[in-house]
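Below is one structure, written out as structure tokens; the observations come after it.
The values are calculated or read from the model by the stated rules, or taken from the named source; none is laboratory data. Model, not experiment: these values are computed from the prediction. Using ideal geometry, Cβ is built from the backbone for each residue, glycine included, and neighbour counts are taken over all protein chains shown. These accessible areas exclude ligands, DNA and RNA; they are computed on the full protein's heavy atoms, side chains included. Shrake-Rupley method; radii C 1.70, N 1.55, O 1.52, S 1.80 Å.
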Amino acid sequence: MPDRIYLHPIDPELIPGARNAIDVCLRLKPKERLTIITDVATREIAAALQKEVERVGSDYSLFVLEHHARRPLAYMPEIILDDLALSQVSIFAARTQPGELTARTQMTSVVNNHKIRHGHMVNINREIMLEGMRADFLRVDELSQRLVERARQVKRITCKTPHGTEFEAELSPKLRWLKTSGIIRKDKWGNLPGGEIFTSPQNTNGIFVVDGVVGDYLCERFGDLKDNPLTIEVENNRIVDLRSKNKDLRDEFRAYTSTDENSNRVGEFAIGTNTACTHIIGHILQDEKIPGVHIAFGHPYAEHTGANWFSKTHIDCVGRDFDIWFNGEQVMRGGKFMI
């Protein structure tokens, strides 16, 4: 059975971000049904979201992962997947653990198949609720729309940073650009907080200095990489060299990107558009939305981008202070948009 009780006393500071999620991002209606999937570590935020769902008056189910399966999850429990298939709207607000990507993929497969408006709040925390989740998502959406319309006409994007990034992406009209601005629609689930456009690049080459954060469970372990960045050299869309003074970071990232034959392949090229995110906080969910470039190795979201390959892994890499050019025309200087 679902866990239909408040998990934690309501913190009033979390309500503005939770209301933004329910009213603006997901646009929940009273006659719709919603599924919330959370965990013990995120009970405070789940309680705020639950309160806002009850304010709207929608029917809902809430599941605490630890009440239904041992973690790390080898699979998403069937009771949750079955309930999810009955809903028009859903939220995943929980911490990641090593090896759980397959379980989350099972969940998003149901979301994709049933065209559910899904808010993906992986590793959401209080700081993100008070910053990125308080964005004016209608304005973020307007900026994202302008940017994605231009990106769809571009064959080449180059980016540089003062810290050593010199990276170029070649793009194909056969590989779609997507906008995940925080305004979530049934054709594409999105992270919350939202604020990015992305595609799967046809090819990439160059040096990418990760002096922001890396994704998945490595983010929580290594946090802000400003003082110990990871330098990644890419040739023909594959990692050819990794360098970092932090040997544990280098070795764990190498192991992660060696999981399968495409784990070291650039699957995502993205530009953050959430202007409420102004500084690295050490959490990928918000930091990848900072205006600038991030790339990811592994799964290319083929079901949305049109890429014809697959990986069991996906790890994002965020840098700082970007200059960006679309076909040689500068659109960002020092992390500030020029459009």
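Key figures for this structure:
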item: Selection from region 70-83 of residues that are in contact with a helix residue (DSSP H, G or I) (Cβ under 8 Å, 6 or more places away or on another chain) and within 17 Å of ASN113 (Cα to Cα); result: MET76, ILE80, LEU81
item: Scan of region 305-330 for residues that are surrounded by fewer than 18 Cβ atoms within 10 Å (Cβ to Cβ), touching a residue at least 24 places away in the same chain (Cβ under 8 Å) and not in a loop (DSSP other than H, G, I, E, B), ordered by number; result: TRP325
item: Residue check, LEU225 in a helix (DSSP H, G or I) and aliphatic (A, V, I, L, M); result: no
item: Subset of region 90-107 that is among the β-branched types (Val, Ile, Thr) and touching a helix residue (DSSP H, G or I) at 6+ places or on another chain (Cβ under 9 Å) - its residue that is nearest to VAL56 (Cα to Cα); result: ILE91
item: Selection count where residues are closer than 20 Å to ILE290 by Cα and open to solvent by 20 Å² or more (accessible area, probe 1.4 Å), scope region 217-238; result: 9
item: Any hit, region 332-339, residues being more than 20 Å from the chain's Cα centre (by Cα) and open to solvent by less than 30 Å² (accessible area, probe 1.4 Å); result: yes
item: Residues within region 254-271 that are charged (D, E, K, R), assigned to a strand (DSSP E or B) and open to solvent by less than 40 Å² (accessible area, probe 1.4 Å), tallied; result: 1
item: Strands (runs of 3 or more DSSP E) contained in region 142-217 and holding at least 1 residues among the β-branched types (Val, Ile, Thr); result: 156-160, 178-180, 196-199, 203-210
item: Residue check, LEU285 open to solvent by less than 10 Å² (accessible area, probe 1.4 Å), assigned to a helix (DSSP H, G or I) and free of Cβ contacts under 8 Å to residues at least 60 places away in the same chain; result: no
item: Top-ranked residue of region 11-59 - restricted to ones that are more than 15 Å from LEU192 (Cβ to Cβ), out of contact with any strand residue (DSSP E or B) (no Cβ under 6 Å at 6 or more places or on another chain) and outside any helix (DSSP H, G or I), ranked as modelled with the lowest pLDDT; result: ASP11
item: Residue that is surrounded by the fewest Cβ atoms within 10 Å (Cβ to Cβ), among those in region 10-69 that are in contact with a helix residue (DSSP H, G or I) (Cβ under 7 Å, 6 or more places away or on another chain) and of a type in the set (Gly, Ala, Ser); result: SER61
item: Test: residue in region 73-87 that is open to solvent by 30 Å² or more (accessible area, probe 1.4 Å), in contact (Cβ under 8 Å) with a residue 60 or more places away in the chain and not aliphatic (A, V, I, L, M); result: no
item: Residue match in region 239-248 (condition: in contact (Cβ under 8 Å) with a residue 24 or more places away in the chain, closer than 26 Å to GLN97 by Cβ, surrounded by fewer than 22 Cβ atoms within 10 Å (Cβ to Cβ) and of a type in the set (S, T, N, Q)); result: yes
item: Which numbered condition THR275 fails, given (1) surrounded by 23 or more Cβ atoms within 10 Å (Cβ to Cβ); (2) under 27 Å from GLU142 (Cβ atoms); result: (1)
